[in-house]
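J.: I am attaching a structure below and will ask some questions about it afterwards.
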Amino acid sequence: MTQLALVIDLNVCVGCHACVTSCKEWNTSGPAGFMSDDNPYGPAPTGTFFNRVQTYEVGEFPNTETVHFPKSCLHCEDPPCVPVCPTGASYKREEDGIVLVDYDKCIGCRYCSWACPYGVREIDEHQKVMKKCTLCVDRIYDESLPEAERKPACVLSCPTSARMFGDVHDPQSAVSIAIREEGGYALMPEWGTKPSNHYLPRRKTRMHIHEDELIRADNPLKKEQREHAAPVEAPTLDDSTSW
Amino acid sequence: MHPAFSVIFLTTLIGVGQGLFLAIFTGQSYSAVELLPLEDSVQFYGTGAMIALLFLTAGLIASVFHLGHPERAWRAASRWRTSWLSREVIALPLVMALVLIFGLMHYFGWDTVLFTSKTGARLQLTLIVGTLGAIATFALFLCTGMIYAAIKFLQEWSSPLTVINYLLLGTMSGFTLATAFASYAAPDLTHFFGIWTTIITFAAFLSRSASLIRNARIKFKSSMQTALGIRHTQIQQKSMGFMGGSVNTRDFFHHKTRLFMRSIKWLFLVLVFPLPLFFLWVGMETGNGATLLTAFIIQYIGLLAERWLFFAQANHPQNLYYQTV
């Protein structure tokens, strides 16, 4: 079985919102109709987005870290939003695991947005139907596009390649390997929704420099041999023999 | 959650309608086994059922305002296998139809005694329709409650108490109205309904208080740590990604102060339970219909506050992602 999903590397994301704008640009121009965008240049812009990038500060000054956190539909393997839909407008595709909304069946009752713990379903306040990330389903299968471009718009636009797209059920796919080897995790595992999208954690690259790597020591290759402790300022054997 | 007035009116109005129908039907059941005198079909049972139908219809109309596409609402009956909302969409018209049939049968006298026992208990045709109506009414209470109780991560709602509260609060308000109605249409039943109203009001007070206590000491399973998957005790949101608000900030927050919340809580606790009981008692003692009607109106206003708080009190885990602009 195929389960398409995104893997987002929090270690790489710089919070530039390119995925947000490219997502909106692609999906508002798509066959499913526009996405609301009210007062875009006014004091209180509002509208429908499939993808948001949020920013968090972890820790207390001065030991803080800024985490940019992109969030879109996680295409859960056990999506709580699907069974609650009274019309069947919300569904999970058998063939690739994408959770979609049929905009022609949706009655706009908002019950599915209540049933999503992640808050990734947004009602379109003009079309009055529930909208959410489609994983660019109108793009990833489009054979008129070059194969390299058959990816969600957010993935293509990410300048730091923090977003990966692929089949998380295929153990050999790049996304599965990243989840497995880079410590990929799911959000709010406590609700058993089994999100397909995964996040790669922040990883620290640390250099470990020991003292003897900073200070010239006598006989560095025979460390097991006990040497007379000599004051560091005194000339070492190296000083006298290296000329 | 943001309390939507359409849903507040839907749940309170159909609660009254269901409760009133149950009360009328209870009255008839008692008279069938000769514990109560049989009342006038047109004046009491027929008119009572029509009043219940009026409340159910008003609730249905209120619910339409919650939908983005009410013209597609018929589709909502299709997923009854998985969705409690879909089940409610089936149960509500079913209750309305049965109440209508029950009322019409009484009104036009389409009724026969099917069976009379040796002790004189009569099984009437309307009683069978009424029994079906009562079963459908209980099913509707279950559906309404389960819509909320079935969302497991809305922990304030995810409890059997939610269903019990919908059942008891709805029945209570219907019985209060039945007492007022009886004082006009069947004065000898006023005490019967009044006493039942008092009992149900006490039961509703206990279960609603239990849910308030439960919600006050609830431990949330989700936290900033599980929402982001970052293991640190200090996580602060610096930006939610937009400045002007969105559905996420409008639909899931009530934007009211703690003081306001607390005031609403005490307001409804007074308006729903002790005050109507006082008016009920005065009305029963004096036999004054207007006083009993006042009890119902006060209780209904209290129930609007109760339902507002029911929604406002629920903390959706998505709110963790929307802490600051």
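The values are calculated or read from the model by the stated rules, or taken from the named source; none is laboratory data. This one's a predicted model, so the numbers in the text were calculated from it and none came from an experiment. So basically every Cβ, Gly included, is an ideal-geometry build from the backbone, and we count neighbours across all protein chains shown. All accessible areas refer to the heavy atoms of the entire protein, side chains included, with ligands and DNA or RNA removed. Shrake-Rupley method; radii C 1.70, N 1.55, O 1.52, S 1.80 Å.
J.: Taking beta carbons within 10 Å but only from partner chains, what does the mean come to for residues B:222-233?
T.: 6
J.: Okay, next question. When ranked by the protection proxy of mean other Cβ atoms within 10 Å per residue, highest first, what sequence do the peptides A:191-198, A:27-34, B:17-24 form?
T.: Output ranking for A:191-198, A:27-34, B:17-24: B:17-24, A:191-198, A:27-34.
J.: Shifting gears a bit: Given a cut-off of under 8 Å on Cα pairs at least six residues apart, what relative contact order in percent is computed for chain A?
T.: 26
J.: I need the chymotrypsin sites (Phe, Trp or Tyr not before Pro) found in the stretch B:177-245, filtered to DSSP loop residues with at most 13 other beta carbons within 10 Å of theirs.
T.: B:220
J.: Right, another one. Where does each of A:26, A:114, B:80, B:281 land when they are ordered by accessible area, with a 1.4 Å probe and the largest first?
T.: Details: A:26 65, A:114 25, B:80 120, B:281 150 Å².
I get B:281, B:80, A:26, A:114, largest accessible area first.
J.: Where the centroid of each part is defined by its Cα atoms, how far is the stretch A:1-17 from the stretch B:156-234 in Å?
T.: The two parts, judged by their Cα centres, are 43 Å apart.
J.: Follow-up. Ignoring ligands, DNA and RNA, how do B:293, B:132 rank by accessible area with a 1.4 Å probe, largest first?
T.: Sorted by accessible area, descending: B:132, B:293.
J.: Could you compute the FRET efficiency for residue A:194 and residue A:142, with r as their C-beta to C-beta distance and R0 at 25 Å, rounded to 0.05?
T.: 0.30
J.: How high is the FRET efficiency from residue A:203 to residue B:213, r the C-beta distance, R0 41 Å, rounded to 0.05?
T.: For residue A:203 and residue B:213, the calculated efficiency is 0.35.
J.: Continuing with the same structure: I'd like the Karplus ³J(HN,Hα) series for the stretch B:100-113: coefficients 6.51, -1.76, 1.60, θ = phi - 60°, whole numbers in Hz, and an x wherever there's a Gly or Pro.
T.: 4, 4, 4, x, 5, 4, 6, 5, 9, x, 7, 9, 9, 8
J.: List the residues whose amide H sits under 5 Å from the amide H of residue B:241, counting only those 5 or more places along or on another chain, with H placed 1.01 Å from N in the peptide plane.
T.: Correct list: A:55.
J.: Then there's this: Scan the stretch A:48-103 for GluC sites (Glu not before Pro) in coil per DSSP, keeping those whose Cβ has at most 10 other Cβ atoms within 10 Å, and list them by number.
T.: Working: sites: A:57, A:60, A:65, A:77, A:94, A:95; in loops: A:77, A:94, A:95.
Filter output for the stretch A:48-103: A:94, A:95.
J.: A further question on this structure: I'd like the Karplus ³J(HN,Hα) series for the stretch B:204-213: coefficients 6.51, -1.76, 1.60, θ = phi - 60°, whole numbers in Hz, and an x wherever there's a Gly or Pro.
T.: So the J values, rounded to whole Hz, are 5, 4, 5, 6, 5, 5, 4, 6, 5, 5.
J.: Does chain A classify as rounded, prolate or oblate by the C-alpha gyration tensor (a ≥ b ≥ c root eigenvalues; a/c under 1.5 gives rounded; else a/b over b/c gives prolate, otherwise oblate)?
T.: Judged from the Cα gyration tensor, chain A comes out prolate (a/c at least 1.5, a/b above b/c).
J.: A follow-up question, please. Under 1.5 on a/c is rounded, so check that first for the stretch A:23-167, then, if it is not, pick prolate when a/b is larger than b/c and oblate when it is not; a ≥ b ≥ c are the square roots of the alpha carbon gyration tensor eigenvalues.
T.: Since a/c stays below 1.5, the shape of the stretch A:23-167 is classed as rounded.
J.: Of the listed pairs A:151/B:152; A:131/B:238; A:24/B:256; A:105/A:132, which have alpha-carbon separations greater than 22 Å here?
T.: Going by Cα-Cα distance, A:151/B:152; A:131/B:238; A:24/B:256 fall outside the 22 Å limit.
J.: Which residues make up the longest stretch of chain B clear of trypsin sites (Lys or Arg not before Pro) that lie in a DSSP loop with no more than 12 other Cβ atoms within 10 Å, not counting the sites?
T.: Longest gap between qualifying sites, sites excluded: B:119-216.
J.: OK, next. Pairs of alpha-carbon atoms within less than 8 angstrom and 6+ residues apart define the contacts here; what relative contact order does the stretch B:58-213 have, in percent?
T.: On the way: 145 pairs, mean separation 24.2, N = 156.
Dividing the mean separation by the residue count of the stretch B:58-213 yields 15 percent.
J.: Mind checking how much accessible area A and B bury in total, 1.4 Å probe, in Å² rounded to 100?
T.: The buried area between A and B, both sides summed, comes to about 4600 Å².
J.: Okay, next question. With a 10 Å radius around each residue's Cβ, average the other Cβ atoms per peptide and rank B:49-58, B:268-277, highest first.
T.: B:49-58, B:268-277
J.: Given the DSSP H assignment, sum -39500 (n - 2.57) over each helix run of at least 4 residues in chain B and divide by its residue total; what's the result at 222 nm in deg cm²/dmol, nearest 500?
T.: Calculated mean residue ellipticity at 222 nm is -22000 deg cm²/dmol.
J.: Over what distance in Å are the Cα centres of the stretch B:1-71 and the stretch B:252-325 separated?
T.: If we compute the Cα centre of each part, the gap is 20 Å.
J.: Turning to a different aspect of this structure: Could you compute Rg(Cα) / (2.2 N^0.38 Å) for the protein assembly as shown, with N its residue count?
T.: Normalised Cα radius of gyration, the protein assembly as shown: 1.30.
J.: Tell me which residues come under 5 Å, amide H to amide H, from residue A:109 once H is placed; ignore anything under 5 positions away on its chain.
T.: B:68
J.: Taking the Cα centroid of the stretch B:85-123 and of the stretch A:25-43, what is the distance between the two, rounded to the nearest whole Å?
T.: 52
J.: From the square roots a ≥ b ≥ c of the eigenvalues of the alpha-carbon gyration tensor of chain B, which class results: rounded (a/c under 1.5), prolate (a/b over b/c), or oblate? Please list the in-between numbers first.
T.: Values: a/c = 2.55, a/b = 1.86, b/c = 1.37.
Prolate, since a/c reaches 1.5 and a/b exceeds b/c.
J.: Would you mind calculating the gained length between residue B:152 and residue B:110 on full extension (0.36 nm times residue separation, minus the Cα-Cα distance), in nm to one decimal?
T.: Residue separation times 0.36 nm, minus the Cα-Cα distance, leaves 10.5 nm.
J.: Take peptide A:78-84, look around each residue's Cβ out to 10 angstrom, count Cβ atoms belonging to other protein chains, and average those counts.
T.: Mean number of neighbouring Cβ atoms from other chains: 3.
J.: Could I ask something else about it? When the chain is fully extended, how far beyond the present Cα-Cα distance does residue B:223 get from residue B:81, taking 0.36 nm per residue of separation?
T.: 47.9 nm
J.: To continue, here is another question. For Cα pairs less than 8 Å apart in space and 6+ apart in sequence, what is the mean separation divided by the residue count of chain B, i.e. the relative contact order in percent?
T.: Value for chain B: 23 percent.
J.: Along the Cα→Cβ direction, 7 angstrom out, place labels at residue B:54 and residue A:41. What is the inter-label distance in nm?
T.: Each label point is offset 7 Å from its Cα along the Cβ direction, giving 5.5 nm.
J.: Sticking with this structure for a sec: List, in order, the whole-Hz ³J(HN,Hα) value for each residue of the stretch B:130-141 obtained from phi through the Karplus relation with A = 6.51, B = -1.76, C = 1.60 and θ = phi - 60°; use x for Gly and Pro.
T.: Each residue's phi maps through the Karplus curve to give x, 4, 4, x, 5, 4, 4, 4, 5, 4, 5, 4 Hz.
J.: Taking chain B as a Gaussian network, where each spring joins two C-alpha atoms under 10 Å apart, which residue of B:68, B:27, B:48 fluctuates the most?
T.: B:68
J.: Here's a follow-up. Provide a whole-number value for the mean count of partner chain Cβ atoms within 10 Å of the Cβ atoms in peptide A:101-107.
T.: 4
J.: So which residue, out of B:185, B:216, B:312, gets the largest mean-square fluctuation from a GNM of chain B using Cα contacts under 10 Å as springs?
T.: Maximum among the listed residues: B:216.
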